[in-house]
Amino acid sequence: MQTQNLGYPRIGSQRELKKICENYWAGKTGYKNVLQVGKNIRHENWQLQKEAGIDIIPSNDFSFYDHVLDHSLMFGAIPKRYNEVILKKGNAELDLYFAMARGYQKEDLDVVAMEMTKWFDTNYHYIVPEFYKDQPFKLFSTKIIDEFYEAKQLGIKSKPVLIGPVSYLLLGKEKESGFEKIDLFKNLLPVYIEILTRLVALDAEYVQFDEPFLTLDLTEKEQAAYQHVYKEIRKAFPKLKIVLATYFEGLGNNLALTTSLPVNILHIDLVRAESQLETVIASLGEDRILSLGLVDGRNIWKNDFSKSSAIINQAVQKLGSERVWIAPSCSLIHSPVDLDNETDEQNLAAEVKQWLSFAKQKVTEVVILKKLATQESPASTQQKLEENLIAINNRETSTLIHNQAVKQRVQALEEKDAERLNPFSTRKVKQQSLNLPQYATTTIGSFPQTIEVRSWRAKFKKGLFTTEEYNSLIAEETAKAVKWQEEIDLDVLVHGEFERNDMVEYFGEQLAGFAFSKNGWVQSYGSRCVKPPIIFGDVSRPKPMTVKWTSYAQSLTSRYMKGMLTGPVTILQWSFVRNDQPRAETCTQIALAIRDEVVDLEKAGIKIIQIDEPAIREGLPLRKADWQNYLNWAVKAFRISASGVQDETQIHTHMCYSEFNDIIQNIADMDADVITIETSRSQMELLDAFADFKYPNEIGPGVYDIHSPRVPKREEMITLLQKAQSVIPAEQLWVNPDCGLKTRGWDETKKALIEMVEAAKEMRKTV
Ligand code: GLN
Ligand code: ZN
């Protein structure tokens with residue numbers, strides 16, 4: 001029996017990578033220092049895994065920005081527009097790489113970055129490979145070979161990790177018509193062969209191909225490509241031990257295909273798809289090794305040793321222990337780095353901490369699981385097992401987790417709790433009492449979180465400001481924002497969200513059942529890391545969360561102040577969630593807490609309340625067959641949160657970066673009175689789904705992009721609104737930006753919103 005790891009976090013335990021890269025981009029340090037920090041992180045990671053006792057340690061899992069981009073550079077899939085970056089300055093490979101990741105603006109060169117998108121259903125974003133007709137590939141960057149050699153120098157014969165050829169192609173995008181990306185495997189395969197040849201020459205014994213697409217729906221052509229490339233690789237390297245890594249879902253109907261591929265070790269995800277074990281074993285064949293992905297790479301909970309051991313025993317009985325490997329479910333880049341850094345009990349209670357495990361701890365868990373199975377050093381592993389049992393038992397019964405009142409409330413929910421009192425057609429008439437004009441103007445919630453505002457919060461957290469001092473600064477900033485919105489004549493105002501650090505964290509901090517780490521960072525993209533809250537227990541709302549600031553803002557104006565809340569699905573989606581109950585259950589608990597807040601805002605006289613759900617779409621399961629079930633409970637959770645109010649109270653929701661075509665019925669089922677969406681960069685095209693569906697409720701299609709400081713022209717916004725009006729009746733339309741303005745500066749925000757209000761006024765003249 002062997003242990004393997006599929007990938008280790010590369011940000012460094014203190015986010016060293018973030019810091020050095022950002023310094024480099026700001027011109028504050030030289031590239032040699034960047035390379036050195038990368039090297040240090042790799043060495044530390046390898047050493048740590050070796051000391052923990054991992055048998056097969058990965059290399060090439062390190063990346064300065066993104067591992068998919070590393071592959072594009074490795075294969076020379078470099079879009080032409082970067083040629084100049086290379087020629088002009090003779091830059092180091094690193095500069096070309098960062099130019100592809102982030103764009104390049106220096107001297108007279110201005111080259112845009114490559115596109116970025118989400119890595120399967122994680123919150124990690126990768127740089128999308130760009131493919132052109134007859135796309136050539138050639139070995140360009142030798143990073144994978146260099147890093148294998150580097151590990152070897154340290155006495156570690158690592159397992160280089162590559163994204164498999166089919167998954168790499170499927171991750172990319174066709175940038176012109178006339179070809180299918182999957183057909184490019186013919187051009188790509190020789191580069192894989194060349195890389196493997198060089199690795200084998202350096203005495204590589206194992207190689208890992210990540211093929212997560214084997215857990216998704218595949219076309220016949222894609223299946224055939226799988227057969228072809230692995231047959232060819234096998235033919236070229238009869239002795240190389242190939243690990244085929246699948247994760248994020250079960251193999252499902254790709255099982256026969258997968259087990260027909262000529263590889264030596266098949267890795268499967270038994271956290272996401274526990275039930276696939278038996279069927280996979282049954283079709284595994286005579287001598288293939290099965291790698292059991294048992295330690296959850298996507299979440300922060302301690303592994304349950306007795307449960308995992310039972311699964312290992314089951315596999316060992318059928319396969320024998322030489323044919324069983326133990327591993328995390330997927331790469332650990334989706335886990336925070338090291339729980340040992342959480343030393344502040346005030347912040348993370350010891351009782352909660354004992355239930356958790358971050359990447360470093362997970363590596364150790366993998367090793368202990370093997371020792372338990374092979375009866376290696378029985379005394380010390382027995383002790384580990386007992387400690388684990390205590391922690392697991394404690395979590396099962398802890399009063400911190402279980403709140404009977406919450407469980408009963410969820411139990412007692414009825415259909416009518418997820419329904420407004422009357423259908424939209426009736427509510428619409430009653431809401432006319434709001435007296436809003438056509439093309440009513442509003443914003444999505446946040447106003448600029450300036451360095452100053454953020455510095456107040458930092459000082460407050462450090463104890464350098466008293467609560468009173470902090471609150472009075474926030475109050476002043478809010479008052480200024482309210483006054484200014486009145487001045488420019490917006491119809492529905494917002495308080496600006498100055499008191500909020502982050503739209504999920506702000507609510508998590510006030511809800512029972514949430515915990516926060518100090519250093520539990522996870523890479524989101526490039527140097528950007530996020531620190532998701534940890535939902536460990538039944539969720540409830542001890543007291544109102546937003547009523548004070550919203551009422552204060554309302555008291556400053558006679559116009560409508562919109563209450564601003566984050567919806568249950570988004571709170572769930574952007575947190576680490578419980579694994580001891582279904583996601584749907586946790587989501588319903590959050591929905592009830594938000595519902596109470598909505599009702600309290602209504603009681604406080606707030607007439608318009610927005611419940612943001614930007615993450616609904618990204619929560620979609622990887623397999624289409626599972627979509628409906630998810631959408632059912634997700635939409636219902638939103639409805640529960642929104643349905644405690646009278647017909648006259650207008651509920652808004654907001655969604656950004658979404659396509660709506662295939663889920664428009666579900667969006668309609670959410671039954672928000674008004675939905676604001678991001679549409680400006682698609683030139684209103686995203687609105688077509690609503691038009692084709694004859695979406696009955698009101699819609700605010702974003703009229704300008706908030707991702708750049710550029711101030712839109714009034715005419716551009718009028719053109720977009722005319723486009724919108726050509727597919728959606730004017731009486732259904734609102735006017736607003738694409739999303740919140742917290743990342744913008746005040747100067748551009750003011751200019752843009754003034755133009756937006758004027759554009760709406762122009763439109764009103766036409767009705
Ligand atoms: N109300 C939030 C804001 O304006 C919405 C953010 C989002 O949709 N991501 O910041
Ligand atoms: Zn948004």
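The values are calculated or read from the model by the stated rules, or taken from the named source; none is laboratory data. What you see is a predicted model, and the numbers here were worked out from it, not measured in a lab. Note that each Cβ is placed from the backbone with ideal geometry, even for glycine, and that neighbours are counted across all protein chains shown. Areas reflect the complete protein model, heavy atoms only, side chains present, ligands, DNA and RNA absent. Shrake-Rupley method; radii C 1.70, N 1.55, O 1.52, S 1.80 Å.
With respect to Lys518, determine if the residue is in contact with a Leu (Cβ under 8 Å, 6 or more places away or on another chain) and modelled with pLDDT under 95.
Yes.
Does region 8-17 contain any residue that is among the charged types (D, E, K, R), outside any loop (DSSP other than H, G, I, E, B) and open to solvent by 20 Å² or more (accessible area, probe 1.4 Å)?
Narrowing region 8-17 to residues among the charged types (D, E, K, R): 10, 15-16.
In the following step, the residues that additionally are outside any loop (DSSP other than H, G, I, E, B) were identified as 16.
Subsequent filtering for residues that are open to solvent by 20 Å² or more (accessible area, probe 1.4 Å) retains 16.
The answer is yes, given that some residue of region 8-17 is among the charged types (D, E, K, R), outside any loop (DSSP other than H, G, I, E, B) and open to solvent by 20 Å² or more (accessible area, probe 1.4 Å).
Mind telling me which of the residues Ala77, Ala52 ends up being closer than 24 Å to Ile163 by Cβ and at pLDDT 95 or above? First the steps, then the outcome.
Numbers: Ala52 fails: closer than 24 Å to Ile163 by Cβ.
Selected residue: Ala77, the only one of Ala77, Ala52 that is closer than 24 Å to Ile163 by Cβ and at pLDDT 95 or above.
Among the residues of region 457-486 satisfying the criterion of being basic (Lys, Arg), in a helix (DSSP H, G or I) and surrounded by fewer than 16 Cβ atoms within 10 Å (Cβ to Cβ), which is farthest from ligand 1 (Cβ to nearest atom)? Outline the logic, then answer.
Pass one, region 457-486, residues basic (Lys, Arg): 457, 459, 461-462, 480, 483.
Of the ones still in play, those that are also in a helix (DSSP H, G or I) are 457, 459, 461, 480, 483.
Then keep just the ones that are surrounded by fewer than 16 Cβ atoms within 10 Å (Cβ to Cβ); that gives 459, 461, 480, 483.
Working: Lys459: 22, Lys461: 20, Lys480: 17, Lys483: 19 Å.
Filtering first and then ranking leaves Lys459.
Filter region 545-560 for residues that are part of a helix (DSSP H, G or I) and free of Cβ contacts under 8 Å to residues at least 40 places away in the same chain and give the result.
So in region 545-560, the residues part of a helix (DSSP H, G or I) come out as 547-555.
Once the filter is applied, which keeps residues that are part of a helix (DSSP H, G or I) and free of Cβ contacts under 8 Å to residues at least 40 places away in the same chain, region 545-560 yields Lys548, Ser555.
Considering only residues that are crowded, with 20+ Cβ neighbours inside 10 Å and in a helix (DSSP H, G or I), look in region 576-587 and name the one that is nearest to ligand 2 (Cβ to nearest atom).
Initially, region 576-587 is screened for residues crowded, with 20+ Cβ neighbours inside 10 Å, giving 576-578, 586-587.
Subset that is in a helix (DSSP H, G or I): 586-587.
Working: Thr586: 23, Cys587: 20 Å.
Ranking the candidates gives Cys587 first.
Of everything in region 435-446, what is open to solvent by less than 10 Å² (accessible area, probe 1.4 Å) and away from ligand 2 (no atom under 16 Å from the Cβ)? Give them in sequence order.
Result: Tyr439, Ala440, Thr441.
Residue under question is Glu93, and the condition is that it be without any contact (Cβ under 8 Å) to a residue 40 or more places away in the chain, over 22 Å from Arg528 (Cβ atoms) and either surrounded by fewer than 22 Cβ atoms within 10 Å (Cβ to Cβ) or among the polar types (S, T, N, Q) (or both); does it hold?
On the way: without any contact (Cβ under 8 Å) to a residue 40 or more places away in the chain: no; over 22 Å from Arg528 (Cβ atoms): yes; either surrounded by fewer than 22 Cβ atoms within 10 Å (Cβ to Cβ) or among the polar types (S, T, N, Q) (or both): yes.
Considered against the rule, which asks whether it is without any contact (Cβ under 8 Å) to a residue 40 or more places away in the chain, over 22 Å from Arg528 (Cβ atoms) and either surrounded by fewer than 22 Cβ atoms within 10 Å (Cβ to Cβ) or among the polar types (S, T, N, Q) (or both), Glu93 comes out as no.
Check Ile571, Ile611, Ile590 and return the single one that is within 15 Å of ligand 1 (Cβ to nearest atom) and in a helix (DSSP H, G or I). Steps first, please.
Working: Ile611 fails: in a helix (DSSP H, G or I); Ile590 fails: within 15 Å of ligand 1 (Cβ to nearest atom).
The conditions single out Ile571.
Just to be sure before I move on: is Ala256 small (Gly, Ala, Ser), outside any strand (DSSP E or B) and open to solvent by 50 Å² or more (accessible area, probe 1.4 Å) in the structure I sent?
Details: small (Gly, Ala, Ser): yes; outside any strand (DSSP E or B): yes; open to solvent by 50 Å² or more (accessible area, probe 1.4 Å): yes.
The answer is yes for Ala256.
Does Ser643 count as away from ligand 1 (no atom under 15 Å from the Cβ), closer than 23 Å to Ile608 by Cβ, polar (S, T, N, Q) and in contact with a strand residue (DSSP E or B) (Cβ under 9 Å, 6 or more places away or on another chain)?
On the way: away from ligand 1 (no atom under 15 Å from the Cβ): yes; closer than 23 Å to Ile608 by Cβ: yes; polar (S, T, N, Q): yes; in contact with a strand residue (DSSP E or B) (Cβ under 9 Å, 6 or more places away or on another chain): yes.
Criteria met by Ser643.
Just to verify a result, which residue in region 714-740, among those that are in contact (Cβ under 8 Å) with a residue 12 or more places away in the chain, closer than 12 Å to Leu687 by Cα and open to solvent by 10 Å² or more (accessible area, probe 1.4 Å), is nearest to ligand 2 (Cβ to nearest atom)?
Going through the qualifying residues, I end up with Leu720.
Name, by its number, the condition in (1) within 16 Å of ligand 1 (Cβ to nearest atom); (2) surrounded by fewer than 17 Cβ atoms within 10 Å (Cβ to Cβ); (3) of a type in the set (Val, Ile, Thr) that does not hold for Val711.
Condition (1) is where Val711 drops out.
Filtering region 113-170 down to residues that are free of Cβ contacts under 8 Å to residues at least 60 places away in the same chain and among the small types (Gly, Ala, Ser), which residue is surrounded by the fewest Cβ atoms within 10 Å (Cβ to Cβ)?
Gly155
Using beta carbons and a limit of 7 Å, which pairs, at least six apart or on different chains, have the first residue in region 628-645 and closer than 11 Å to Ala593 by Cα and the second one at pLDDT 95 or above and basic (Lys, Arg)?
Ile640/Arg595; Ser641/Arg595
For the structure I just gave you, tell me whether Arg454 is within 16 Å of ligand 1 (Cβ to nearest atom), modelled with pLDDT of 95 or more, open to solvent by 90 Å² or more (accessible area, probe 1.4 Å) and of a type in the set (D, E, K, R).
Values: within 16 Å of ligand 1 (Cβ to nearest atom): yes; modelled with pLDDT of 95 or more: yes; open to solvent by 90 Å² or more (accessible area, probe 1.4 Å): yes; of a type in the set (D, E, K, R): yes.
The answer is yes for Arg454.
Can you find a residue in region 598-612 that is within 28 Å of the chain's Cα centre (by Cα), within 16 Å of ligand 2 (Cβ to nearest atom), among the polar types (S, T, N, Q) and more than 20 Å from Val492 (Cα to Cα)? Step through it out loud before you land on a result.
Filtering region 598-612 down to residues within 28 Å of the chain's Cα centre (by Cα) leaves 598, 609-612.
Next, only the ones that are within 16 Å of ligand 2 (Cβ to nearest atom) stay: 610-612.
Remaining after also requiring among the polar types (S, T, N, Q): 610.
If we keep only those that are more than 20 Å from Val492 (Cα to Cα) as well, we get none.
No.
Can you find, within region 614-629, the residue that is farthest from ligand 1 (Cβ to nearest atom) among those that are part of a loop (DSSP other than H, G, I, E, B) and open to solvent by 10 Å² or more (accessible area, probe 1.4 Å)? Quick ask: steps written out before the conclusion?
Residues of region 614-629 part of a loop (DSSP other than H, G, I, E, B): 614-616, 620-623.
So of that shortlist, the ones also open to solvent by 10 Å² or more (accessible area, probe 1.4 Å) come out as 620-623.
On the way: Leu620: 17, Pro621: 22, Leu622: 23, Arg623: 26 Å.
The selected residue is Arg623.
Which residue out of Glu648, Glu678, Glu685 is acidic (Asp, Glu) and within 16 Å of ligand 2 (Cβ to nearest atom)? Even if it seems obvious, please write down each step before you answer.
Numbers: Glu648 fails: within 16 Å of ligand 2 (Cβ to nearest atom); Glu685 fails: within 16 Å of ligand 2 (Cβ to nearest atom).
Criteria check complete, one pass: Glu678.
Among (1) open to solvent by less than 40 Å² (accessible area, probe 1.4 Å); (2) within 16 Å of ligand 1 (Cβ to nearest atom); (3) within 19 Å of Asn736 (Cα to Cα); (4) part of a helix (DSSP H, G or I), which single condition is Ile706 missing?
Among (1) open to solvent by less than 40 Å² (accessible area, probe 1.4 Å); (2) within 16 Å of ligand 1 (Cβ to nearest atom); (3) within 19 Å of Asn736 (Cα to Cα); (4) part of a helix (DSSP H, G or I), the lone unmet condition for Ile706 is (4).
Pick from region 642-675 the residues that are under 21 Å from the mean Cα position of the chain (by Cα) and in a loop (DSSP other than H, G, I, E, B): which of them is surrounded by the fewest Cβ atoms within 10 Å (Cβ to Cβ)?
Glu659
Output the residues belonging to region 735-755 that are within 15 Å of ligand 1 (Cβ to nearest atom) and farther than 10 Å from Pro448 by Cα.
Asn736, Pro737, Asp738, Cys739, Ala752, Leu753
Conditions tested, residue by residue: (1) buried (at least 17 other Cβ atoms within 10 Å of the Cβ); (2) without any contact (Cβ under 8 Å) to a residue 24 or more places away in the chain; (3) over 23 Å from Cys529 (Cα atoms).
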site: Val324; (1), (2), (3): yes, no, yes
site: Asp338; (1), (2), (3): yes, no, no
site: Asn341; (1), (2), (3): yes, no, no
site: Gln361; (1), (2), (3): yes, no, no
site: Val367; (1), (2), (3): yes, no, yes
site: Leu389; (1), (2), (3): no, no, yes
site: Ile392; (1), (2), (3): yes, no, yes
site: His402; (1), (2), (3): no, no, yes
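Please pick out the residue among Ile78, Ile56, Ile41, Ile20 that is without any contact (Cβ under 8 Å) to a residue 24 or more places away in the chain and buried (at least 20 other Cβ atoms within 10 Å of the Cβ). Can you show your working first?
Working: Ile78 fails: without any contact (Cβ under 8 Å) to a residue 24 or more places away in the chain; Ile56 fails: without any contact (Cβ under 8 Å) to a residue 24 or more places away in the chain; Ile41 fails: without any contact (Cβ under 8 Å) to a residue 24 or more places away in the chain.
Sole residue among the options that is without any contact (Cβ under 8 Å) to a residue 24 or more places away in the chain and buried (at least 20 other Cβ atoms within 10 Å of the Cβ): Ile20.
Select from region 646-692 the residues that are within 21 Å of Ile590 (Cβ to Cβ) and at pLDDT below 95 and write down the one among them that is farthest from ligand 1 (Cβ to nearest atom). Outline the logic, then answer.
In the first step, residues of region 646-692 are kept if they are within 21 Å of Ile590 (Cβ to Cβ); the result is 649, 651-656, 658, 663, 666-667, 669-672, 675.
Right, trim to at pLDDT below 95 and you get 656, 658.
Details: Cys656: 5, Ser658: 10 Å.
So the residue we want is Ser658.
Is there a residue being hydroxyl-bearing (Ser, Thr, Tyr), open to solvent by 10 Å² or more (accessible area, probe 1.4 Å) and touching a Lys or Arg at 6+ places or on another chain (Cβ under 7 Å) anywhere in region 209-226? Let's see the steps before the verdict.
Pass one, region 209-226, residues hydroxyl-bearing (Ser, Thr, Tyr): 215, 219, 226.
Within this subset, residues satisfying the condition of being open to solvent by 10 Å² or more (accessible area, probe 1.4 Å) are 219.
With the extra rule that they be touching a Lys or Arg at 6+ places or on another chain (Cβ under 7 Å), the set shrinks to none.
The answer is no, given that none of the residues of region 209-226 is hydroxyl-bearing (Ser, Thr, Tyr), open to solvent by 10 Å² or more (accessible area, probe 1.4 Å) and touching a Lys or Arg at 6+ places or on another chain (Cβ under 7 Å).
What's the number of the only condition in (1) surrounded by 22 or more Cβ atoms within 10 Å (Cβ to Cβ); (2) away from ligand 2 (no atom under 16 Å from the Cβ) that Met564 fails to meet?
So the condition that Met564 fails would be (2).
Just one of Glu278, Glu274 is among the acidic types (Asp, Glu), within 26 Å of Arg395 (Cβ to Cβ) and open to solvent by 40 Å² or more (accessible area, probe 1.4 Å); which is it? I'd like the intermediate steps shown before the answer.
Working: Glu278 fails: within 26 Å of Arg395 (Cβ to Cβ).
Among Glu278, Glu274, only Glu274 is among the acidic types (Asp, Glu), within 26 Å of Arg395 (Cβ to Cβ) and open to solvent by 40 Å² or more (accessible area, probe 1.4 Å).
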